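Each remark here refers to the structure printed beneath this line.
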Amino acid sequence: QVQLVESGGGLVQPGGSLRLSCAASGSIFSINGMGWYRQAPGKLRELVATITGGSMMNYADPVKGRFTISRDNAKNTVYLQMNRLKPEETAVYYCNAFLRETIVAPIKVYWGQGIQVTVSS
């Protein structure tokens, strides 16, 4: 059973910073791409940033220059450093991972349970 667990969320003032972590555990042979998404109340889930197995990064336009995605392959963990946060970025943040459980298993996508980030004074 594969699990993705996010941590690092919480309340931060506008202009502040937070670092989210997402650790994958369980039966994992290899992890390809990993990513972060967010969903604000009443809105659809949207892409924030992704990182490939080769550490190529992609960012949504609203976060470019402020957010940084990174990964530690030895720890099966992806991070999201968020700087200069804005109130409109209040949302539940989700991580995902495309991975194989065994060498012969197909690649599947797994999601974390989500973590709340609230940007407010």
Carbon + sulfur, % of accessible area of region 1-91 - ligands and nucleic acids excluded, 1.4 Å: 51 percent
Kirkwood hydrodynamic radius over Cα pairs of the chain, then Stokes diffusion coefficient at 25 °C and 0.890 mPa s, in µm²/s: 169 µm²/s
Rounded to whole Hz, the Karplus (6.51, -1.76, 1.60) HN-Hα couplings of region 60-72, x for glycine and proline: 5, 3, x, 10, 4, x, 10, 10, 9, 9, 8, 8, 10
Table column - 3J(HN,Hα) (Hz), region 98-106, Karplus curve with 6.51, -1.76, 1.60, x for Gly and Pro: 9, 8, 10, 7, 9, 5, 9, 6, x
Relative contact order (%) - criterion: Cα under 8 Å, at least six apart; region: the chain: 36 percent
Antiparallel bridge percentage (DSSP; both residues within the chain; nearest 5): 95 percent
Positive-end residue of 115, 9, 85, charge dipole of the chain with Cβ unit charges: 85
Alpha-carbon centroids, region 43-67 and region 92-121: separation in whole Å: 13 Å
Solvent exposure of region 32-121 as accessible area per residue, Å², 1.4 Å probe: 54 Å²
Under 25 Å between alpha carbons - lysine pairs in the chain that sit 8 or more apart or on different chains: 4
Accessible surface ranking that places the most exposed of 67, 98 first, with a 1.4 angstrom probe: 98, 67
Length-normalised contact order of region 69-121 in % [C-alpha pairs under 8 Å, at least 6 apart]: 33 percent
Contact order relative to length of region 45-96, as percent, for alpha carbon pairs under 8 angstrom and 6 or more apart: 23 percent
Sequence-distant residues sharing a close amide H with residue 71 (under 5 Å, placed H): 79
Simple Cβ-charge dipole of region 1-113, Lys/Arg +1 and Asp/Glu -1, about Cα centre, in debye nearest 20: 120 debye
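The values are calculated or read from the model by the stated rules, or taken from the named source; none is laboratory data. Predicted model only: the values in this text are computed from it and were never measured. Every residue, glycine as well, gets a Cβ built from its backbone with ideal geometry; the counts of neighbours run over all protein chains shown. Each accessible area value is taken on the protein alone, full model and side chains, heavy atoms only, with ligands, DNA and RNA left out. Shrake-Rupley method; radii C 1.70, N 1.55, O 1.52, S 1.80 Å.
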